[in-house]
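The values are calculated or read from the model by the stated rules, or taken from the named source; none is laboratory data. These numbers come from a predicted model, not from an experiment. Cβ coordinates were reconstructed from backbone atoms using ideal geometry, including for glycine residues, and neighbour counts include every protein chain displayed. For the accessible areas, the whole protein counts, side chains as well, though only heavy atoms, and no ligand, DNA or RNA atoms are used. Shrake-Rupley method; radii C 1.70, N 1.55, O 1.52, S 1.80 Å.
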Amino acid sequence: MVVTGGCGKLGRAVVADLVAHDWKVVVFDRTAPDRADVTYVPVDLTDYAAVLDAMLGVEERYDAVDAVVHLAAVPAPGLRGDAATFANNMNATYHVFTAARRAGVTNIVWASSETVLGLPFDTPPPYVPVDEDYPPRPESTYSLVKTLEETMAAQLCRWDPALKMYGLRFSNVMEPQDYQAFPSYDADARARKWNLWGYIDARDGAQAVRRALDHPGTGTEVFIIANADTVMSRPSAELVAEVFPDVEVRGNLGEHDTLLSIEKARRVLGYEPEHSWRAV
Ligand SMILES: NC(=O)c1ccc[n+]([C@@H]2O[C@H](COP(=O)([O-])OP(=O)(O)OC[C@H]3O[C@@H](n4cnc5c(N)ncnc54)[C@H](O)[C@@H]3O)[C@@H](O)[C@H]2O)c1
């Protein structure tokens, strides 16, 4: 199986988890992984010929690909110019999806983003916890591309009913060393309102990728992937009341419950986060 962006923050955790679960992993990235138990193919994903060639095999390394996890992207707004972000992310995704289809791959999981839910919520969310039930509200070029990717996946699956394309709308990716900063977030409720105080531990993100790969469905689905709690020590209901006083709160909100609903991922994929920052 191929993991694009396997050398990135999320990709490293995904590769480690897949290798631990006996997947044979081929990494497509511009930089080399720091582990010897995967096959590495240096590929610039904006070069379609290179993507297709690598998807069809590399002599003496592998001759077929059975699944693709597409993570490579400029991972946030503002890291590059808007047109450069669009060109890299949109072309890379079209190339990976198309090359996978040409190579006969029907199991595709890719990184969408929480941003499609309306981050940074200068316009308040329609209700909380936010879920997959309202249309995307991209507010940046980066998020616009993620929205277009979700649309592209729906159309590709319409063309080919055998195809499975699951988009994982990851929250802000964290590694354990990032948790040292979390207690400082409490001082200002507005400082992290931009993603409703959410986060995803990279290891739990990897779990979601694996469960999405293993799921036997066809067609396209999107899933919000976050941890079960927020980055804050203050109760979730109190944060909503202070920052979004007019927003409807749906269901029973536990003390630190995420405001990025993971109910669909739990129900459909069997996803259950295991790495809360509170346990560190
Ligand atoms: N980091 C977050 O908080 C976050 C949140 C939501 C979604 N996501 C999404 O998750 C995915 C992974 O994010 P990350 O934080 O691991 O990013 P990262 O920047 O750490 O890793 C991205 C990897 O993709 C590679 N890459 C990018 N463009 C490439 C190209 N044209 N050709 C070859 N390789 C290329 C980079 O070399 C890098 O190794 C991205 O799709 C991102 O949009 C990230």
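Is it fair to say Ala191 is loosely packed, with under 15 Cβ neighbours inside 10 Å, part of a loop (DSSP other than H, G, I, E, B), out of contact with any strand residue (DSSP E or B) (no Cβ under 8 Å at 6 or more places or on another chain) and among the aliphatic types (A, V, I, L, M)? It would help to see each step written out before you state the result.
On the way: loosely packed, with under 15 Cβ neighbours inside 10 Å: yes; part of a loop (DSSP other than H, G, I, E, B): yes; out of contact with any strand residue (DSSP E or B) (no Cβ under 8 Å at 6 or more places or on another chain): yes; among the aliphatic types (A, V, I, L, M): yes.
Criteria met by Ala191.
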Practice item. Would you confirm whether any residue within the stretch 40-58 is over 21 Å from the mean Cα position of the chain (by Cα) and of a type in the set (D, E, K, R)? Key: yes
Exercise for review: Could you please find all residues in the stretch 118-128 being under 18 Å from the mean Cα position of the chain (by Cα) and either at pLDDT below 95 or open to solvent by 20 Å² or more (accessible area, probe 1.4 Å) (or both)?
Suggested key: Pro120
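Residues are listed down the side, and each one gets a yes or a no for (1) crowded, with 17+ Cβ neighbours inside 10 Å; (2) in contact (Cβ under 8 Å) with a residue 60 or more places away in the chain; (3) part of a helix (DSSP H, G or I):
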{"site": "Asn227", "(1), (2), (3)": "yes, no, no"}
{"site": "Ser233", "(1), (2), (3)": "no, no, no"}
{"site": "Ala241", "(1), (2), (3)": "no, no, yes"}
{"site": "Gly254", "(1), (2), (3)": "no, no, no"}
**Study point:** Total residues in the stretch 256-271, condition open to solvent by less than 10 Å² (accessible area, probe 1.4 Å) and either within 9 Å of Ile224 (Cα to Cα) or not in a loop (DSSP other than H, G, I, E, B) (or both)
**Key:** 3
Point to revise | Whichever residue in the stretch 169-188 is part of a helix (DSSP H, G or I) and among the small types (Gly, Ala, Ser) and, among such residues, is surrounded by the fewest Cβ atoms within 10 Å (Cβ to Cβ) | key: Ala187
